[in-house]
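First up is the structure itself, then whatever we jot down about it.
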There are 2 protein chains.
Amino acid sequence: MRSTPALYTCLSPALLQLYDVSTSIVVIIDVLRATSTIAEALKNGAKSIIPVDSVSACISLGKQMDVITAGERDGKIAEGLTYGNTPFHYPPEFIKDKTLVLTTTNGTKLLHMALAENAKAIITGSFPNLSAVCDYLVREKQNVILACAAWKDRINLEDTLFAGAVISKIKEHFTINCDAAQMAETLYEKAKDDLYEFMKNKNASHYNRLMSFGLEKDIRFCFEVDIANVLPVYQDGRLVKLIW
Amino acid sequence: MRSTPALYTCLSPALLQLYDVSTSIVVIIDVLRATSTIAEALKNGAKSIIPVDSVSACISLGKQMDVITAGERDGKIAEGLTYGNTPFHYPPEFIKDKTLVLTTTNGTKLLHMALAENAKAIITGSFPNLSAVCDYLVREKQNVILACAAWKDRINLEDTLFAGAVISKIKEHFTINCDAAQMAETLYEKAKDDLYEFMKNKNASHYNRLMSFGLEKDIRFCFEVDIANVLPVYQDGRLVKLIW
């Protein structure tokens, strides 16, 4: 009998080198707000999303191609870019068939690390597309690394909670010898009845940061399960919606 | 009004550089079994404990000084050394007034990292000396980093649980803007009624490793709160019992 594939949880990009990336599907998790916004934009018909790691790279691509440039710094649209990181900027009537170049810091860095380590496949995960991520992972029957983008390498609650949600849903399909995965699932089980309230009560650092920018509505969106239930997969430098 | 000092939790040595070590007391946490055994040996009258990072360094010191050399590899006393990592090797009638040279991997590495970063003070923590650690931290009124030794940089449950236990007891004396600390405390609150059973039920990796060596008795010892309630503090290359 073939054993079930392995699932690991990596809570910070600084720990990614401990895991066997080249034999695994890597799920990039940047719940507030990059991977939630990516799911929403693709659900609403975006042709593709190009993640880049700096405002200047974003501006540069914007000059070369017919794309929308987007990104924020300190809660405001970055100078030289046109749109922000909020999912509410990308309704269907605006984003359909367009390409979005999005600059994020933590998530993009992690994605490029996974690429450099020759990940078997790279997808992005967030509560808005939780079921799509789980269905894909169960179907593929490959080893999995749930990779949290964290905040400048510091572990955060929201990405860990999403890893826990995935584990809670699909654990019977995987072999899990990973204390970080056990921690993430335990945390999620404690928080799942009201993820937003849990973040608030636990004084979560990125919750506080976004609240100070007046972004409560964004945070609430990012904890809504399956409201943008598509699967972003990284192919040829872009995130596109996987057609099953 | 002076604000309360800051408390952070660092879940892996690979993340230590993210924290401001030079302004903090660093608590080295290596629950299974290094810091538990250190507390027990000092409680039983050991004069001091010299932590070293290799079997060869341990043997070398043993030739130069009148000391007891100890350390294990794969659950057995390492070749060339005399005693093991188990707390049961160090009763008062044996260890009183002696110096122990102990080789451990994860804990010693982390201690040396904290030294290199000029930590304000370095102490060691484990469930057997939980209250001594908490009393000291509250009394000192300095910033604190709860530093988990982990397992080859991978986050583990037992060290995280101990960090959570400390936070649960002393959080009102500190400012905590640290998601890892919130996670550790949440985990501890879930586990505290039976730490041993929690480790077993969660398939904790180091629990499994030690059980495979027949060391259940050691694991149970390491989750006993305050049975070796002394404070090991690092001074001039040695861990000694702090006299208040």
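The values are calculated or read from the model by the stated rules, or taken from the named source; none is laboratory data. These numbers come from a predicted model, not from an experiment. Heads up, the Cβs are rebuilt from the backbone with ideal geometry, glycines too, and the neighbour counts pull from every protein chain shown. Surface areas here come from the heavy atoms of the whole protein model, side chains and all, with no ligands, DNA or RNA. Shrake-Rupley method; radii C 1.70, N 1.55, O 1.52, S 1.80 Å.
Its Cα centre serving as origin, the protein assembly as shown has a Cβ charge dipole (Lys and Arg +1, Asp and Glu -1) of approximately 320 debye. One equal scatterer on each Cα of segment B:70-156, no solvent, Debye formula: the resulting log10 I(q)/I(0) at q = 0.21, 0.26 Å⁻¹ is -1.25, -1.34. Across the protein assembly as shown the C-alpha pair distances fall into 20 Å bins from zero in the proportions 24, 50, 23, 3, 0 percent.
Put simply, when A:214-226, A:133-145 are sorted by average Cβ atoms within 10 angstrom per residue, most first, you get A:133-145, A:214-226.
By the compact-protein rule of thumb, 2.2 N^0.38 Å, the alpha-carbon radius of gyration of segment A:127-220 corresponds to a ratio of 1.13. Residue ranges A:190-203, A:167-180 sort as A:167-180, A:190-203 when ordered by packing (mean number of other C-beta atoms within 10 Å per residue, highest first). B:I170 label point, 7 Å along Cα→Cβ, cut-off 14 Å on backbone N: hits in segment B:20-46? The answer is B:24-29.
The label-point distance for A:K217 and A:V138, in a model that sets each label 7 Å from Cα toward Cβ, rounds to 3.5 nm.
Any idea how far the Cα center of segment B:18-73 sits from the one of segment B:94-173, in Å? Measuring centre to centre over Cα atoms gives 12 Å. Per residue of the protein assembly as shown, the DSSP helices (runs of n ≥ 4 H) give a summed -39500 (n - 2.57) that works out to -11000 deg cm²/dmol at 222 nm.
Computed from the C-beta positions of A:D193 and B:N177 and an R0 of 22 Å, the FRET efficiency is 0.35 to the nearest 0.05. Within 10 Å of the Cβ of each residue in B:169-182, the mean number of Cβ atoms contributed by other protein chains is 4. Taking the longest Cα principal axis of chain A as reference, the axis of helix A:34-43 is set at about 80 degrees. The label-point distance for A:N203 and B:E79, in a model that sets each label 7 Å from Cα toward Cβ, rounds to 5.2 nm. Its Cα centre serving as origin, segment B:1-59 has a Cβ charge dipole (Lys and Arg +1, Asp and Glu -1) of approximately 200 debye. Sorted shortest first, the separations between the A:K47 label point and its copies elsewhere in the assembly read 7.8 nm; each point sits 7 Å from Cα along the Cα-to-Cβ line.
Divided by 2.2 N^0.38 Å, where N counts the residues, the Cα radius of gyration of segment A:1-157 comes to 1.06.
For A:D97, inter-copy separations between label points set 7 Å beyond Cα along the Cβ vector come to 9.1 nm, shortest first. Our summary gives chain B a relative contact order of 33 percent, counting only alpha carbon pairs under 8 angstrom and 6 or more residues apart. Mind pulling the angle between the C-alpha long axis of helix A:130-140 and the longest principal axis of chain A? Nearest 10 degrees, somewhere in 0 to 90. Around 60 degrees separate the two axes. Relative to the Cα centre, the charge distribution of chain B, modelled as +1 at Lys and Arg Cβ and -1 at Asp and Glu Cβ, gives a dipole magnitude of about 220 debye. When the surface is traced with a 1.4 Å probe over the full set of protein chains, B:T4 keeps roughly 60 Å² accessible. Label-to-label distances for B:R238 across copies, nearest first, come out at 6.8 nm, using points 7 Å from Cα in the beta-carbon direction. Helix B:157-170 and the longest principal axis of the Cα set of chain B meet at an angle near 50°.
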